[in-house]
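> Sending over a structure as structure tokens; questions will come in a sec.
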Amino acid sequence: MSEPTLSIKEMAEATGVSAHTLRYYERVEILPPIPRASSGHRVYSEGHAEWVLFVKYLRATGMPIRRILHYTQLARLGDATVPERLQVLEDHRRSIERNLDELEACHQRITKKIAIYKEHIEQKRK
């Protein structure tokens, strides 16, 4: 029994990544060359979908395309690159943690400003 396959439209729907972006990821080699059906249409696997979702999470957390491409190239080289891939992800996690700390500080300041405005409006009503 063969693995279920997805068209580019189905892949875009399944991952929330546009067909244009999927083609771009293939062109810059973040994705490997995607097999084609006899019609010439791309045929994605569940493994491709998992990889695209992982790349989507990396992008959503601010990893630049060039860094994702570097990580992808390491992954294609196999197990010998696991330590370096681990380092890439640990470095990125630290970056995410710094961003979260900064966002939390911003959130607190905005929350304080909202409280000031609400208090001001309440004072005016009295």
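The values are calculated or read from the model by the stated rules, or taken from the named source; none is laboratory data. Bear in mind the structure is a predicted one, so any value in this text is a computation, not a measurement. FYI the Cβ positions are ideal-geometry reconstructions off the backbone, even for glycines, and counts take in every protein chain you see. These area figures cover heavy atoms from the full protein model, side chains too; ligands, DNA and RNA do not enter into them. Shrake-Rupley method; radii C 1.70, N 1.55, O 1.52, S 1.80 Å.
> Looking only at the range 40-50, how many residues end up being in a loop (DSSP other than H, G, I, E, B) and touching a residue at least 24 places away in the same chain (Cβ under 8 Å)?
2
Yes/no matrix, rows are residues, columns are (1) among the aliphatic types (A, V, I, L, M); (2) on the phi > 0 side of the Ramachandran plot; (3) assigned to a helix (DSSP H, G or I); (4) open to solvent by 50 Å² or more (accessible area, probe 1.4 Å):
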| residue | (1), (2), (3), (4) |
| --- | --- |
| VAL52 | yes, no, yes, no |
| THR72 | no, no, yes, no |
| ARG85 | no, no, yes, no |
| VAL88 | yes, no, yes, no |
| ARG109 | no, no, yes, yes |
| ILE121 | yes, no, yes, yes |
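> Being in contact (Cβ under 8 Å) with a residue 40 or more places away in the chain and not polar (S, T, N, Q) is the requirement here; does ARG59 meet it?
Against the criterion (in contact (Cβ under 8 Å) with a residue 40 or more places away in the chain and not polar (S, T, N, Q)), ARG59 does not qualify.
> Now for a different question. Based on this model, can you work out whether ALA80 counts as more than 18 Å from the chain's Cα centre (by Cα), of a type in the set (A, V, I, L, M, F, W, C), at pLDDT 95 or above and open to solvent by less than 70 Å² (accessible area, probe 1.4 Å)?
For ALA80, the condition - more than 18 Å from the chain's Cα centre (by Cα), of a type in the set (A, V, I, L, M, F, W, C), at pLDDT 95 or above and open to solvent by less than 70 Å² (accessible area, probe 1.4 Å) - is not met.
> Now, a different point. For the range 20-39, enumerate the residues that are outside any helix (DSSP H, G or I), farther than 20 Å from PRO4 by Cβ and open to solvent by less than 80 Å² (accessible area, probe 1.4 Å).
Across the range 20-39, the qualifying residues are VAL28, ILE30.
> Follow-up. When only residues in the range 21-58 that are within 16 Å of the chain's Cα centre (by Cα) and of a type in the set (Gly, Ala, Ser) count, which is nearest to ALA75 (Cα to Cα)?
Here the answer is GLY47.
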